[in-house]
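Peer 1: Dropping the structure in here first, questions after.
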Amino acid sequence: MPVGNRGCGPNLAHLGDKMAENASFRGGVAVGWVLSVIVILALVADGAVDLFAPALISAQMAETGFPANLATVVGLIIFVCVILYAIPRTAVLGAILTTGFFGGAICAHLRLGEIGSPPQLISLLLAVMAWGGLYLRDERIRRLLPLRSVDD
């Protein structure tokens, strides 16, 4: 009689494959958290400067057309985004808001004709890292956006 499911119980042939897949993806989750922490630290640094040392960025804010007195508001917005992104339960909302913030930064520099400027590229990179990190650390996002075909 062949080894395997003999009709007396569930077919467990794929259980080993599934366990190996889950074990190998733990590394992906760790990489996702590393990416997310980099984004969080960058945003915390930016928000801290906006809140606690607005004089340091007043020239850049004026350059992009924002009054310097909005630095505190921008800093608070950044911290709300960071908090929501860092908490697993609200991370998707945080990623959406963070993407909006980065998109606004990209647009502000685009309006000035600074196409491909370092602030634009950094904002784009951080936005991609935010979603990449969330994708790797959150199974719900991976199910929603599978990066492989159903046949794999």
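The values are calculated or read from the model by the stated rules, or taken from the named source; none is laboratory data. As the structure is a prediction and not an experimental result, all values here were calculated from the model. Every residue, glycine among them, receives a Cβ derived from its backbone with ideal geometry; neighbour counts consider all protein chains shown.
Peer 1: Restricting attention to the stretch 22-37, and to residues there that are at pLDDT 90 or above and touching a helix residue (DSSP H, G or I) at 6+ places or on another chain (Cβ under 6 Å), which single residue is farthest from Ala130 (Cα to Cα)?
Peer 2: Val29
Peer 1: Let me ask another. Just one of (1) surrounded by 14 or more Cβ atoms within 10 Å (Cβ to Cβ); (2) free of Cβ contacts under 8 Å to residues at least 40 places away in the same chain; (3) closer than 19 Å to Leu35 by Cα trips up Thr98, so point out which.
Peer 2: (2)
Peer 1: Are there any pairs with C-beta distances below 8 angstrom linking a residue in the stretch 118-147 that is over 15 Å from Thr98 (Cβ atoms) to a residue that is in a helix (DSSP H, G or I) and hydroxyl-bearing (Ser, Thr, Tyr), with the two at least 6 apart or on different chains, and if so which?
Peer 2: Arg142/Tyr135; Leu145/Tyr135
Peer 1: Residues to consider are Ile78, Ile122; find the one that is out of contact with any helix residue (DSSP H, G or I) (no Cβ under 6 Å at 6 or more places or on another chain), closer than 20 Å to Ala45 by Cβ and not basic (Lys, Arg). Show your work before the answer.
Peer 2: On the way: Ile78 fails: out of contact with any helix residue (DSSP H, G or I) (no Cβ under 6 Å at 6 or more places or on another chain).
Exactly one residue qualifies, and that residue is Ile122.
Peer 1: Still on this structure, I have one more. Gly47: crowded, with 18+ Cβ neighbours inside 10 Å, farther than 22 Å from Arg140 by Cβ and touching a residue at least 24 places away in the same chain (Cβ under 8 Å), yes or no?
Peer 2: Criteria met by Gly47.
Peer 1: Answer yes or no as to whether Met19 is modelled with pLDDT under 85 and either part of a helix (DSSP H, G or I) or surrounded by fewer than 13 Cβ atoms within 10 Å (Cβ to Cβ) (or both).
Peer 2: yes
Peer 1: Give all pairs with beta carbons closer than 9 Å in which a residue from the stretch 54-66 that is within 15 Å of Gly104 (Cα to Cα) meets a residue that is small (Gly, Ala, Ser) and outside any loop (DSSP other than H, G, I, E, B); count only pairs at least 6 apart in sequence or on separate chains.
Peer 2: Between residues of the stretch 54-66 that are within 15 Å of Gly104 (Cα to Cα) and residues that are small (Gly, Ala, Ser) and outside any loop (DSSP other than H, G, I, E, B), the close pairs are Met61/Ala68; Met61/Ala71; Thr64/Ala105; Thr64/Ala108; Gly65/Ala108; Phe66/Ala108.
Peer 1: Of the numbered conditions (1) part of a helix (DSSP H, G or I); (2) farther than 20 Å from Arg26 by Cα; (3) not charged (D, E, K, R), Gly113 fails exactly one; give the number of that condition.
Peer 2: Every listed condition holds for Gly113 apart from (1).
Peer 1: From the residues in the stretch 49-74 that are within 23 Å of Val128 (Cβ to Cβ) and in a helix (DSSP H, G or I), which one is modelled with the lowest pLDDT?
Peer 2: The first filter runs over the stretch 49-74 and keeps only residues within 23 Å of Val128 (Cβ to Cβ), leaving 49-50, 60, 64, 74.
Remaining after also requiring in a helix (DSSP H, G or I): 49-50, 60, 74.
Numbers: Val49: 95, Asp50: 94, Gln60: 86, Val74: 94.
Among them, the one singled out is Gln60.
Peer 1: Here's a follow-up. Restricted to the stretch 78-95, and to residues that are surrounded by fewer than 18 Cβ atoms within 10 Å (Cβ to Cβ), β-branched (Val, Ile, Thr) and part of a helix (DSSP H, G or I), which residue is nearest to the chain's Cα centre (by Cα)? Talk me through it step by step, then tell me what you get.
Peer 2: Let us first name the residues in the stretch 78-95 that are surrounded by fewer than 18 Cβ atoms within 10 Å (Cβ to Cβ), namely 79-80, 83, 86-90, 92-93.
Remaining after also requiring β-branched (Val, Ile, Thr): 80, 83, 87, 90, 92.
In the following step, the residues that additionally are part of a helix (DSSP H, G or I) were identified as 80, 83, 90, 92.
Working: Val80: 14, Ile83: 12, Thr90: 12, Val92: 9 Å.
The selected residue is Val92.
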